[in-house]
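To start, the structure itself, in structure tokens.
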Amino acid sequence: MKKSISLLVQMCLMLACAPIFGQAKPAADDKRQLSDTITQMDTKTFAAFNKHDLDGLMAIFTPDLEFYHDKGGLTNYDQTRDGFRTMFANMPDIRRNLVGSVEVYPIKDFGAIEVGTHRFCHKENGTDDCGEFPFVMIWKKDGETWKISRVVSYGH
């Protein structure tokens, strides 16, 4: 009899908690989907960078962009565009690759945080000049569109 009551209580607790446990899977699925989306957007961003497609690259940034660079300071959208234009002219072979994977965290009612490390390489006096640097990007979601609104690039 005690076993039956205990089993009955366990079943009731499981049923009462089912809605709570049922929500854990979609949350994990949502996080994986967000991570996949941001990773795809990162790939798209730096495909444009590696092609030196200035217009395509800048289309991924919000007009109110704030780009924080430990050596270059704070730049807005227009200044960042000018900086990329100069970089592409001065280093026509510069490329960016992601090192490992990124971490992605949701920002409630706004978008996502992307944290990672990237590697930039270009030729300097005939030899590869490469460096790996950490970055943080704040992605803003507007409808179904994702754009970068803030960048923090440091460790240079």
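The values are calculated or read from the model by the stated rules, or taken from the named source; none is laboratory data. Note that the structure is a prediction, hence the values are computed from the model and not measured. In this analysis, Cβ positions are derived from the backbone assuming ideal geometry, glycine residues included, and neighbour counts consider all displayed protein chains.
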Based on this model, can you work out whether Gly100 counts as at pLDDT below 95, on the phi > 0 side of the Ramachandran plot and loosely packed, with under 15 Cβ neighbours inside 10 Å? yes
Please work out which residue is farthest from the chain's Cα centre (by Cα), limiting yourself to the range 80-92 and to residues that are hydrophobic (A, V, I, L, M, F, W, C) and either surrounded by 13 or more Cβ atoms within 10 Å (Cβ to Cβ) or closer than 13 Å to Phe120 by Cβ (or both). Met91
Suppose the filter is modelled with pLDDT under 95 and among the polar types (S, T, N, Q); does Asn76 pass it? no
Within the range 107-128, does at least one residue satisfy the condition of being touching a residue at least 40 places away in the same chain (Cβ under 8 Å), farther than 30 Å from Gln33 by Cβ and of a type outside the set (Asp, Glu)? no
For Gly131, indicate whether it is of a type outside the set (D, E, K, R), surrounded by 12 or more Cβ atoms within 10 Å (Cβ to Cβ) and on the phi < 0 side of the Ramachandran plot. no
Test: Asp36 is exposed (fewer than 12 other Cβ atoms within 10 Å of the Cβ), more than 18 Å from Val152 (Cα to Cα) and modelled with pLDDT of 95 or more: yes
Restricting attention to the range 93-107, which residues are more than 21 Å from Ala28 (Cβ to Cβ) and either under 10 Å from the mean Cα position of the chain (by Cα) or of a type in the set (Gly, Ala, Ser) (or both)? Gly100
Among (1) touching a residue at least 40 places away in the same chain (Cβ under 8 Å); (2) closer than 19 Å to Gly56 by Cβ; (3) in contact with a His (Cβ under 6 Å, 6 or more places away or on another chain), which single condition is Phe88 missing? (1)
Give the residues of the range 64-101 that are among the polar types (S, T, N, Q) and in a helix (DSSP H, G or I), sorted by residue number. Gln79, Thr80, Thr86, Asn90
Inter-residue pairs, beta-carbon under 9 Å, first under 16 Å from Asp142 (Cβ atoms) and in the range 52-76, second of a type in the set (Val, Ile, Thr) and part of a strand (DSSP E or B), 6+ apart: Ile60/Ile148; Phe61/Ile148; Phe61/Val151; Thr62/Ile148; Leu65/Thr75; Leu65/Ile148; Leu65/Val151
